[in-house]
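Data block below; observations after.
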2 protein chains.
Amino acid sequence: MAFRFDLIQGSASGPRLGRFHTPHGEVRTPAFMPVATRGMLRGHPPTILRPMGVEMVLANAFHLYARPGIETVEALGGVHGMLAWDGPVLTDSGGFQVFSLGALDRVHEGGVRVEHPVYGGVVDWTPELAFESQRRLAPDVAMVLDVCPDRPGDRDQAAWAVERTLAWARTQRRLHEKHGGSGRGQALFGIVQGGVFPDLREACARELVALDFDGYAVGGVSVGEDHAARMAGVEASTCWLPVDRLRYLMGVGTPLDLVEAIARGVDLFDCVFPTRAGRFATALTWKGRLHLLNARFRDDASPLDPDCPCEACQSGVPRGALRAGFKAREILPMLLVSQHNLFFLQDLLRRVREALAGGRFEELREEVRCRWPPREPGPRPERARFKPGARPPRR
Amino acid sequence: MAFRFDLIQGSASGPRLGRFHTPHGEVRTPAFMPVATRGMLRGHPPTILRPMGVEMVLANAFHLYARPGIETVEALGGVHGMLAWDGPVLTDSGGFQVFSLGALDRVHEGGVRVEHPVYGGVVDWTPELAFESQRRLAPDVAMVLDVCPDRPGDRDQAAWAVERTLAWARTQRRLHEKHGGSGRGQALFGIVQGGVFPDLREACARELVALDFDGYAVGGVSVGEDHAARMAGVEASTCWLPVDRLRYLMGVGTPLDLVEAIARGVDLFDCVFPTRAGRFATALTWKGRLHLLNARFRDDASPLDPDCPCEACQSGVPRGALRAGFKAREILPMLLVSQHNLFFLQDLLRRVREALAGGRFEELREEVRCRWPPREPGPRPERARFKPGARPPRR
């Protein structure tokens, strides 16, 4: 069997230690996937990944469909060839990107009409097209196309999203079966929606489980709600998922969110947070965030994080030079800090796995809670209002 | 003695093989310096340099003066600390940058009034200030502040530039002496100007040699003239320089220019050409230039240069992915191609040194002439006209 999730420790709820087997190798879980939306990390060659402990990478099917196009990715050897990465790859169906691409976005019964991000014109991004695109891109794991509400507290919106998500999930599950299921080398994961409403999440999860996907994702979180609400949404989803399948929390994120979601039974994560924070001069360390534009770093000759063994910190480029470079809009500081941040999260996940194995998870969880207290977002920027048939961003 | 140039092979004219000793180590010449204008390479950590054979790096004194400022660079451990590079460093005085910063540029008897590129306002960038700034930045080699005409065929402009350059050279040579000369750990190089006029170049070179600098640069070339005129300018300068001092050709460049200048007795080079070409999707190879935006690379699954052992080519990222990434304005393709180009030029210089040692330089020169035929620039964009007291860009 091409895919298998071995639960090494833990149960249906609570933190879990596992091993996810794929045609391109194994992934020790809990695991964090760096994001290569368009088939490449932002500014980093794939050669940095193995040394920092990365075992699985995420790309985005919709973006690759838009450019360079499915045929070209096929010619380059599929998403693995394009990425120049021979480990496991998961592609998102592009739901989030579709819903965040702006005014032309329209959800209808059978899909989403979205502006082509490269050539203009309208693409009808349907469950069938998302499935077929991913089948040809050939990642190890494909995600179903779902509908992600942007206001998780709006019950009408959340219920409608669950209804569409389930209808599309049935379609894609059938297509998956028709193409031989995961036995032909690609797993398909369902996505639980339902906003902040436990009953909606339960209904969504139960029906997805009845459809018997190869794994399950929790979607529709990290879309602006606070940490407590986010974790409530996670818990209301994972508790209905089967013990023997991987659980993937989409678009999360910060050290606190990671550890708290792991405590609620999540096995896999992805987020642009480490690279995006790096590009905006924020370094993640075991002493908390460092904002390198802060004037106190001007004359600081010490490396980014003196305690860190990563290549960026070991390059010896001093904090003062990084600060000056950020101010001069040089490329190097962004790259060094984002590389460090990727390492930091991989290191965090490694510590989590070691702590789980050693029975010390609660201690580590407490340390992360101290170092990374919840930071609540301010008021969200105004977005397009909910209208039947029109829905914006997720996560 | 902190500095010494050992001529291993060759004479005053013709190709030379040498070794330049500095307080931060030796440089095998002919050598090419990657450019770290603001104290960092564009997008590359200093750790890439040694493995590709780089032995000396260039930074820009005026840019570092403007940001982060001389005091901050001192606090970071001088230009070596800022760069996180413990090998030899040369700083340009900033002449080229000063003359290219636009409308406020004004040359007067005692210096250049130039707009501060960060804070606005006017900086009077004088020979004294350029010298003192470099003394404190602490590179191994400082360059004199010179005046570089932008139209090398304009005799009035060239003569005036030589006059100013020599007056300022005398001032800076005196300051160098006053501070103990190169014995205190910093060499000072003079710069030969004179446009396309051999008699002006001769006069400038003779007087600089009489002032006895630690080394000599050829300036005012590669400012839009064709290859033949450029080489004539080089030859008209190097033939007056002493055999036992390093010769440095500023802002050059292409494989053809490098090899032809080496044939005319140049030992050291710098240029943004490899990194800039890389950012604009042009890869340098032994089969000539590759323009990666070309449609023929769309479905090309081969690496950037299949024959190249550099990290970028060995990363395995296929040409088709590089092309797609360039189109999507991703950062990675720029970095990989510019890293490859830096490697390519280091590899070219290594081959030159080996060919010189093995008596095969003329064969290599012929190969480079075949692979890299002269490409003449089109008409230059209109620039501010020459006015006494106002002069634009050099190189």
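B:PHE343 meets all of the listed conditions (1) aromatic (Phe, Trp, Tyr); (2) at pLDDT 95 or above; (3) over 23 Å from the mean Cα position of the chain (by Cα) but one, namely (3).
Take the conditions touching a residue at least 40 places away in the same chain (Cβ under 8 Å), over 26 Å from A:ALA161 (Cβ atoms) and in contact with a strand residue (DSSP E or B) (Cβ under 6 Å, 6 or more places away or on another chain) and apply them to A:VAL57. Does it pass? Taking the combined requirement at face value, the residue does not satisfy it.
Residue-by-condition table, conditions (1) assigned to a helix (DSSP H, G or I); (2) at pLDDT 95 or above; (3) assigned by TED's automatic domain parsing to the domain that holds A:VAL259; (4) out of contact with any strand residue (DSSP E or B) (no Cβ under 8 Å at 6 or more places or on another chain):
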{"position": "A:ASP305", "(1), (2), (3), (4)": "no, yes, no, no"}
{"position": "A:CYS308", "(1), (2), (3), (4)": "no, yes, no, no"}
{"position": "A:PHE326", "(1), (2), (3), (4)": "yes, yes, no, yes"}
{"position": "A:MET334", "(1), (2), (3), (4)": "yes, yes, no, yes"}
{"position": "A:ARG353", "(1), (2), (3), (4)": "yes, yes, no, no"}
{"position": "A:PRO377", "(1), (2), (3), (4)": "no, no, no, yes"}
{"position": "A:PRO392", "(1), (2), (3), (4)": "no, no, no, yes"}
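Here is the figure for the range A:38-54: residues that are within 14 Å of chain B (Cβ to nearest Cβ) and buried (at least 17 other Cβ atoms within 10 Å of the Cβ) total 11. Taken together, the residues in the range A:232-253 that are among the small types (Gly, Ala, Ser), free of Cβ contacts under 8 Å to residues at least 40 places away in the same chain and under 13 Å from A:GLY220 (Cα atoms) amount to 1. Just so you know, in the range A:12-37 the residues that are crowded, with 24+ Cβ neighbours inside 10 Å and within 14 Å of chain B (Cβ to nearest Cβ) include one that is nearest to A:LEU258 (Cα to Cα), and it is A:PRO34. Looking at B:GLU311, B:GLU330, just one residue is within 29 Å of the chain's Cα centre (by Cα), touching a residue at least 60 places away in the same chain (Cβ under 8 Å) and farther than 13 Å from B:THR275 by Cβ, and that residue is B:GLU311.
When residues in the range B:285-341 are screened for being more than 7 Å from chain A (Cβ to nearest Cβ), closer than 21 Å to A:ARG50 by Cβ and of a type in the set (Val, Ile, Thr), 0 of them pass. Screening the candidates A:ALA167, A:ALA161, A:ALA203 for the property of being at pLDDT below 95 and either over 15 Å from A:ASP92 (Cα atoms) or not small (Gly, Ala, Ser) (or both) yields one hit, A:ALA161. Contact map, the range A:1-26: residues that are part of a loop (DSSP other than H, G, I, E, B) paired with residues that are among the basic types (Lys, Arg), Cβ distance under 7 Å, separation 6+ or inter-chain. Pairs shown: A:GLY10/A:ARG16.
When restricted to residues that are surrounded by fewer than 23 Cβ atoms within 10 Å (Cβ to Cβ) and among the basic types (Lys, Arg), the range A:246-263 contains 0.
The values are calculated or read from the model by the stated rules, or taken from the named source; none is laboratory data. Quick caveat: nothing in here was measured; it's all calculated off a predicted structure. In this analysis, Cβ positions are derived from the backbone assuming ideal geometry, glycine residues included, and neighbour counts consider all displayed protein chains.
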